[in-house]
Amino acid sequence: MDFLRSSDEILTVGEFSRRFKTLLKTRVPEMWIRAEVSNVRVYPSGHTYFTAKDSEASFPAVLFKGYSGGVGFKLADGMKVLLFAEVSFYETRGTCQFVVKALMRDGIGDLARRFEELKQKLSAEGLFEASRKIPVPKLVGKVAVVTSPVGAAVRDFLRILERRGWRGLVCVIPSKVQGAEAAAEIADALAFADRYVFADGSKFDAVVAMRGGGSLEDLFAFNEECVARAVAAMELPVISAVGHEIDFTLSDFAADLRAETPSAAAEVISSSYIECVSELENCAELARDYALRRFESERMNIELLGERLARNSPEQKINSANMRLDELSGRLRTAVLSGLAAARLKLSVPSAVILQNAPLKRIEILRQKLDSLGRQAEILSVDGTLKRGFALVTDASGKVIARAKNLRKADRLNIKFFDGSKEVEVL
C-alpha cells in the first residue's frame, strides 16, 4: 500500500498513526534479534518491559505474560539474548517497541545458525517439497505416537482424543525427546512405527512425533538431520507436533502435516473422525427413514392385496350370494305382507261404514250424546253453579244483583248458597 496517497494530502495525527501501524504490520515481518538486555522491569500483571540494545542503537521491548511461560530463565540487565519479535506501534504515545514472542540466551546462537544451515541443506535436497507429502487419511483408526511416555504432551493428546469421543488405537512408542541421545531414539522409533505390522496384516494409519514446548535447545532433537531424514523417509503419513505455535523444527518441514501443538494434533485426528461419525449418523437416519417409509408402503400394499383376495375368495362369493338371497327373501316377504295389509284395509273400510250406520250403533251414539247434554245441563243449572262455589245475590224484591255499583248503603240483600240463604245489609 502507498503510505501517502499524494504529496499534498493533509492527514490528521491519528490517520498518520493508523497508516504507519498498518505499514509496520504488512511490511515488517517477525524476526530474530540479537541484543543486550537493560532496564528490566517486571510488573504485577506479569508483563516484562526492558530495553534491547547493542553498541549502535537501543529499542524498547515487552515480553507479555502469555509468552513468558516459554522462557526458561529470568531476564537480568546485561544479559545477551536472541529474541523473536514483531515491531508494534503504540498510537497513543507515538512509540514503537518489540513485542517479544520467544527468548533464548545468546549462548545458543550457534544452534540457531546450525538450524538455518541444516534447513537450507535439506531444502536444497528437496526434503521439504510439497510433492513428497503424503495426505493424512480422513479416518485414522490406528495411530503411533513417538514421544516421552511420561511427558505432559502425551497426556494432553490422549485427554483431548477422549474428550472429543474419538474411538481408535493409540500406541505410544517411547523415546527421549531431549538430550544427546534423543535424536537417534526418535529416528529409530519412527522407523519402528513405519515397519510395524499388526497380527491382521494392517499397519498404522498415521504417526505423530511430538513433545511439549521449550527453548530452542530443548527442542533441538527434532532439528537434528537424522530425525528430519527419518521423517522424510516414512512411508506412513507423519504429523509433527513439537513445541508451541511459534516453534518450528526441521521435523515440521519434513513432516506431511505440521500441528502447532500436541493438542492440535489430537484435534486434527479427532476432527476427521467426528466428521465421519456425523456423516454416518446422518446416513443412518436417512436409511432409517427410508426403511420406515418403504415398510409402511409395503404394509399398505399387502393390506390392499389382502382385501382384494378376500373380496374374490369362494367363501366371500358364497357369503355375498347368501346375503343376496336373504335380501330377495326379505323383499318378497315384505311384498306379500304389504299386499295382505292392503287387502285387509280395503275390506275394513266397508265394514266400518256398515257398523257406523247400523241401528243399534246409531242408538248408542244418540244415547251417549243425550247423556253428555244432560251432564252439561246439570253443570250449567243454578244448583250446579252454586255447587262449584258460586252464590246468587238478590234484592228484597228477588231481583238479581249483577253489579256492585247498583248497591246502596243499607240495602237489604238475600245471598243464596248451595246449602241455604242468608240476608245481609250493605254497610
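The values are calculated or read from the model by the stated rules, or taken from the named source; none is laboratory data. Please read these numbers as outputs of a predicted model, since none were measured by experiment. Note: ideal-geometry Cβ built from the backbone for every residue, glycine included; neighbour counts use all protein chains shown. With ligands, DNA and RNA removed, areas are computed over all heavy atoms of the protein, side chains included. Shrake-Rupley method; radii C 1.70, N 1.55, O 1.52, S 1.80 Å.
Okay, here's what the table says:
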| read-out | value |
| --- | --- |
| Relative contact order %, the chain, counting alpha carbon pairs below 8 Å whose residues are six or more apart | 9 percent |
| Long-range amide H partners of K101 with built H, under 5 Å | F84, A85, E86 |
| Probe 1.4 Å, protein heavy atoms only - accessible area per residue of the chain in square angstrom | 65 Å² |
| R367 accessible area, assembled protein chains, probe 1.4 Å, Å² | 110 Å² |
| The range 268-324: projected area of the alpha-carbon convex hull, averaged over directions, in nm² | 4.6 nm² |
| Exposure ranking of Y273, Y49, Y290, Y43 by accessible area [1.4 Å probe, largest first] | Y290, Y43, Y49, Y273 |
| Portion, in percent, of the accessible area of the range 193-349 that falls on carbon or sulfur, probe 1.4 Å | 59 percent |
| Magnitude of the charge dipole, the chain, Cβ model with Lys/Arg +1 and Asp/Glu -1, debye to 20 | 4920 debye |
| Percent accessible area from carbon and sulfur atoms, the range 10-126, protein chains only, probe 1.4 Å | 53 percent |
| Entries of K387/K422; K25/K101; K80/K176 with Cα pairs more than 18 Å apart | K80/K176 |
| Three-way shape label, the range 146-251, alpha-carbon gyration tensor, a/c 1.5 | oblate |
| Angle between the chain longest axis and helix 314-357 axis [Cα atoms, degrees, rounded to 10] | 20 degrees |
| Percentage relative contact order, the range 196-344, counting C-alpha pairs under 8 Å, at least six apart | 15 percent |
| 13 Å beta-carbon shell around G66, net charge (K/R +1, D/E -1) | +1 |
| For the chain, convex hull of alpha carbons as volume per residue, Å³ | 720 Å³ |
| Debye log10 I(q)/I(0) at q = 0.16, 0.20, 0.23, 0.24 Å⁻¹ for the range 218-270, Cα point scatterers | -0.41, -0.63, -0.82, -0.88 |
| Alpha-carbon gyration tensor eigenvalues x 5, square-rooted, for the range 224-333, Å | 80, 13, 5 |
| Volume in Å³ per residue [convex hull over Cα atoms, computed for the range 284-420] | 431 Å³ |
| Rg/Rh (Cα only; Kirkwood hydrodynamic radius) as it applies to the range 170-231 | 1.01 |
| Principal axis box of the range 120-184, alpha-carbon based, largest edge first, Å | 42, 34, 15 |
| Computed over the range 82-146, Kirkwood Rh from alpha-carbon pairs, angstrom | 16.4 Å |
